[in-house]
Amino acid sequence: MTKIYVDADACPVKAEVEKVATRHRLPCLLVCNGGLRPSQNPFMELVIVPDGPDEADKWIAERAGRGDVVVTGDIPLAAKAVEAGARVLKHDGEAFTPANIGNALAMRDLMYDLRAADPFRQGGGKAFTKADRSRFLDALERAIQAAKRENA
């Protein structure tokens, strides 16, 4: 059965995932280090992992596979999930695939090196918009449909 795994600590689309998971009657696991309230929704399960770097990522990577959907902004986790055969979405709806995950990892490493070389570099990511939320909902619907076909 298809499951949805959410790297939930800083996820801005938890409510959207809950709506789609409920509509499809799919189990959804919100994985975090704590600080989230459990949902009363029977399709939503809160998984609290031990404190520590990447513990939620490790938990998801050990379980997600073919026919599952993973929602994360963490590129190393996305790479592991893609390698395991899961469908992986960023919060803005962009899909990580075998065709683009290598470039995403390389860009992540490049940006890390640039920030390390210039500690005074200011700025952050772009703001999360309604359009991003809409793209995510559409992409999640398509990913779930495809994942369900894989499990059929």
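The values are calculated or read from the model by the stated rules, or taken from the named source; none is laboratory data. Fair warning: this is a prediction, and the values are worked out from it, not measured in the lab. Cβ coordinates were reconstructed from backbone atoms using ideal geometry, including for glycine residues, and neighbour counts include every protein chain displayed.
If you scan the range 76-90, which residues turn out to be small (Gly, Ala, Ser) and buried (at least 23 other Cβ atoms within 10 Å of the Cβ)? Ala78, Ala81, Ala86 - these are the residues of the range 76-90 that are small (Gly, Ala, Ser) and buried (at least 23 other Cβ atoms within 10 Å of the Cβ). Determine whether Val88 is at negative phi, in contact with a Phe, Trp or Tyr (Cβ under 7 Å, 6 or more places away or on another chain) and free of Cβ contacts under 8 Å to residues at least 24 places away in the same chain. Judged against the criteria, Val88 is a match. Of all residues in the range 93-104, at least one satisfies being at pLDDT 75 or above, surrounded by 11 or more Cβ atoms within 10 Å (Cβ to Cβ), on the phi > 0 side of the Ramachandran plot and out of contact with any strand residue (DSSP E or B) (no Cβ under 9 Å at 6 or more places or on another chain). Among what's in the range 33-45 and is in contact with a Leu (Cβ under 9 Å, 6 or more places away or on another chain) and either aliphatic (A, V, I, L, M) or modelled with pLDDT under 95 (or both), pick the residue that is nearest to Ala146 (Cα to Cα). Checking each candidate, the answer is Met44. Residues of the range 1-32 that are surrounded by 15 or more Cβ atoms within 10 Å (Cβ to Cβ) and either among the aromatic types (Phe, Trp, Tyr) or farther than 23 Å from Val82 by Cα (or both): Tyr5, Thr22.
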